[in-house]
Amino acid sequence: MSDAGSFWEDPDRVEEFAGREPDRRLLELLDSFEMPGATRVLDLGCAGGRNTEVLARGGFDVQAIDSSVSMVARTRERVTAALGAGEAERRVRVGHMEDLGDFASGSFQLIVALGVYHNAASEETWEGALRETARVLVPGGLALVANFTPGFEPHGEALRRVADARHLYEGFDAGPLYLLDADELDAEMARHGLLPIVPTETVETPTDTGRRVTANALYRKRGR
């Protein structure tokens with residue numbers, strides 16, 4: 001089992017994530033914003049920058065954070081052409097999903113949180129991440145979410161739940177992950193005033209070593 005920190009700093013893994021295509025759901029969603037320059041977006045857990053670059057080139061007022069120094073450096077490289085080196089450094093920073101203290105409440109119209117919340121290694125981190133997401137969204141703001149479910153089989157066998165932990169599972173190279181089924185994810189988000197505006201979908205994708213199962217969701221913050 002790899003240490004989570006070294007796992008995400010590995011140069012080959014950084015390039016693997018950087019080489020992925022932009023998220024299809026995000027591309028479809030961005031078409032609904034008529035004034036990109038007036039739309040503040042947070043790419044939460046930006047990884048190799050596949051979605052941050054799309055947002056920057058589309059003229060959105062984008063901020064991006066990731067806990068990996070290497071991922072942040074790669075994302076800055078990708079957005080420099082669109083934003084300039086100074087703005088890339090200012091807008092793409094090392095940070096943690098459970099501590100968004102650099103951003104005021106109601107800062108963003110959209111949060112992109114694709115494959116990030118499940119990296120919570122504890123219930124405290126999970127709860128902090130959802131609370132911070134809700135805080136920095138404007139009323140009526142959107143959160144585009146993808147979170148792994150307990151049905152994920154990264155190595156062709158069922159995951160093992162961590163003893164005395166409701167949603168923490170072992171069996172991933174990056175370390176234990178926080179996994180919920182689609183209805184459980186909706187319930188957790190609802191506690192923070194984030195309600196689904198389309199039915200949350202469970203998507204199963206075969207992999208070379210097993211299967212990936214993800215809950216894909218789009219939430220709106222109460223208040224508008």
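Coordinate-derived values only; no laboratory data. Quick caveat: nothing in here was measured; it's all calculated off a predicted structure. Positions of Cβ are backbone-derived with ideal geometry, glycine not excepted, and every protein chain shown enters the neighbour counts.
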Which one of ASP66, ASP102, ASP23 has the biggest mean-square fluctuation once the chain is modelled by GNM with Cα springs under 10 Å? ASP102
Arrange the following residues from fewest to most other Cβ atoms within 10 Å of their Cβ: PHE60, PHE17, PHE108. PHE17, PHE60, PHE108
I'd like the trypsin sites (Lys or Arg not before Pro) in segment 135-211 restricted to DSSP loop residues with at most 13 other Cβ atoms within 10 Å, sorted by number. ARG166, ARG191
Before anything else, pin down the relative contact order of segment 1-114: Cα pairs under 8 Å, at least 6 apart, normalised by residue count, whole percent. 29
May I ask for log10 I(q)/I(0) of the chain at q = 0.13, 0.14, 0.16 Å⁻¹, from a Debye sum over the Cα atoms as equal point scatterers with solvent left out? -0.73, -0.86, -1.15
Which whole-number percent gives the relative contact order of segment 73-161, counting Cα pairs below 8 Å spaced six or more residues apart? 30
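Only Lys, Arg, Asp and Glu count, each charged at its Cβ (+1, +1, -1, -1), so figure out the dipole size of segment 4-221 about its Cα centre, rounded to 20 debye.
The calculated dipole for segment 4-221 is roughly 600 debye.
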Can you run phi through the Karplus equation (6.51, -1.76, 1.60; θ = phi - 60°) for segment 110-122 and list ³J(HN,Hα) in whole Hz, with x for Gly and Pro? 8, 10, 9, 10, 9, x, 10, 4, 5, 7, 4, 9, 7
Among ALA187, ALA88, PHE152 - extreme Cα towards positive end, dipole of the chain, charges at beta-carbon: ALA88
Contact order normalised by residue count of the chain, Cα under 8 Å, 6+ apart, percent: 18
So who's got an amide H within less than 5 Å of the one on GLY175, skipping anything under 5 residues away but keeping other chains? H placed 1.01 Å off N, in plane. SER2
Computed from the beta carbon distance with a Förster radius of 22 Å, FRET efficiency for VAL138 and LEU27 to the nearest 0.05 stands at 0.50
If each of GLU87 and SER70 carries a label point 7 Å out from its Cα toward its Cβ, how far apart are those two points in nm? 2.9
